[in-house]
Amino acid sequence: MAVPQLIYRGCLLGLAVGDAMGYTVDNRSLEQIREDYGPNGLLGYDLMNGYAEVTSYTQLTAFTCTGLLLGLTRGQLLGRMAPFIRYVALACREWAAGQRPWGKPERIHCWVMHSEELCRRHCMDTWMLETLSRNSLGTPEEPANNYTNSGSITTAIGVGLFLDPDEVSSSEILRLGAETVALIHGSPIAFLSGATLAHIICHSLRSREKSLREIVQQAKDAMLDEYGTAYGQADEVAAWVKMALQLAGDDSITPIQAMERLRCENAAQVLAGGIYAAISCEHDFDAAMIAAVNHSGRSAAVGAITGAILGARMGEAALPEFYLESLECLEPLRELADDLYQGYPMIVGGKLFDGDWERKYLHGGI
């Protein structure tokens, strides 16, 4: 079944909306949020100079998507390529280089480096830059560190957008989702949450006949089947997802109460918060955003995941215009989403006839 182009746009734009809205109140206590914005919390953007600014959650996802398309282009054009994770690592390193005070690298591979909004210094966990500056990055088997937080979890959204479950196995989706997060975050709590999120996004885009609850349940089960024996932390990730599903079905609890129970601090809890907000407000994007950011945890990360999941289900047309009109990176994200939807414009070994694609994915946007 064909996937409408606006669904891809909805996923990336929804991610950016949730990121930008949550950034204002990220890691602040619920009491502090209510002091500043009233008893119902933040109900929309708190704009900076008239714009809703995104953070590293959106930026890293955009660079991940670009890296995957770089790999696809080389593989299709030359008939050979390195594993996709090598191109993701290249793109993430390039993003990190642009975050440093001394500016962008001389040689640019990712065209999104030319977008000021996607390179602005908004790294939500600055120690990630140190990890990305090392000679070798992490893998699930050889982790770079033992960090459990959510700094790179949204990179798995790029994997879900890129891979097609009709062409690759569930195991491959989970694996690349885990590998992408493990480049920077070494704890199984983090990269198994990434694997689960990649699976959710991938099937949210393409399994239109299934409910979101069913998609999440299947992603949790697939992650446990794949990694439950190798990693004891798989049960912990699954337990948080299960709690999110239970809370989303409990009408006696308010969204704020549910989010406080989920804590939304480490990667598994952030994933659970995003799942809860998306399912409990499945048909109301605005209500989902409000639920996703008003709590004492990582509001930008939860908002980004919630927005990406619902955007993948609803499409760009269902996102309220008042969220999009002040979003700073609207056009580059639309362009990137369209490229993900289109895919490589030529067959293996053929001549690349799309000059714009060649400019972006062979020459770094120059």
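The values are calculated or read from the model by the stated rules, or taken from the named source; none is laboratory data. The shown structure was predicted, so the numbers you read here are calculated from the model rather than taken from an experiment. So basically every Cβ, Gly included, is an ideal-geometry build from the backbone, and we count neighbours across all protein chains shown.
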Tally time: how many residues in segment 29-54 are surrounded by 15 or more Cβ atoms within 10 Å (Cβ to Cβ), in contact (Cβ under 8 Å) with a residue 24 or more places away in the chain and out of contact with any Ser or Thr (no Cβ under 7 Å at 6 or more places or on another chain)?
5
The helices (runs of 4 or more DSSP H) lying wholly within segment 287-343 that contain at least 2 residues that are closer than 16 Å to Thr66 by Cα are 330-342
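A quick yes/no check of all residues on (1) farther than 19 Å from Ala301 by Cβ; (2) at pLDDT below 95:
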| position | (1), (2) |
| --- | --- |
| Cys119 | yes, yes |
| Asn135 | yes, yes |
| Thr139 | yes, no |
| Pro143 | yes, no |
| Ser152 | no, no |
| Leu161 | no, no |
| Glu172 | yes, no |
| Gly177 | no, no |
| Ala182 | no, no |
In segment 330-341, how many are within 13 Å of Gly14 (Cβ to Cβ) and not aliphatic (A, V, I, L, M)?
1
Scan segment 6-28 and give yes if some residue there is of a type outside the set (A, V, I, L, M), farther than 29 Å from Met314 by Cα and in contact (Cβ under 8 Å) with a residue 24 or more places away in the chain, otherwise no.
yes
For the condition surrounded by fewer than 22 Cβ atoms within 10 Å (Cβ to Cβ), under 27 Å from Glu358 (Cα atoms), basic (Lys, Arg) and at pLDDT below 95, what is the one hit in Arg86, Arg93, Arg74?
Arg74
Looking at segment 317-349 only, could you name the residues that are of a type outside the set (A, V, I, L, M) and in contact with a Cys (Cβ under 9 Å, 6 or more places away or on another chain)?
Asp339
Go through segment 178-215 residue by residue and tally those that are under 19 Å from Cys264 (Cβ atoms), surrounded by 24 or more Cβ atoms within 10 Å (Cβ to Cβ) and among the hydroxyl-bearing types (Ser, Thr, Tyr).
2
Counting only residues that are among the basic types (Lys, Arg) and touching a strand residue (DSSP E or B) at 6+ places or on another chain (Cβ under 7 Å), give me the helices (runs of 4 or more DSSP H) lying completely in segment 50-140 with at least 1 of them.
none
For segment 250-276, how many residues are surrounded by fewer than 20 Cβ atoms within 10 Å (Cβ to Cβ) and touching a helix residue (DSSP H, G or I) at 6+ places or on another chain (Cβ under 8 Å)?
6
Residue by residue through segment 275-302, note down the ones that are out of contact with any Phe, Trp or Tyr (no Cβ under 8 Å at 6 or more places or on another chain), small (Gly, Ala, Ser) and in contact (Cβ under 8 Å) with a residue 40 or more places away in the chain.
Ala278, Ala292, Ser296, Gly297
Filter the helices (runs of 4 or more DSSP H) completely within segment 157-262 down to those with at least 1 residues that are under 18 Å from the mean Cα position of the chain (by Cα) and of a type in the set (Phe, Trp, Tyr).
188-206
Residues within segment 277-314 that are in contact with a Pro (Cβ under 6 Å, 6 or more places away or on another chain) and surrounded by fewer than 24 Cβ atoms within 10 Å (Cβ to Cβ), tallied
1
Looking at (1) within 22 Å of Leu197 (Cα to Cα); (2) within 18 Å of the chain's Cα centre (by Cα), which is the only condition Ala144 fails?
(2)
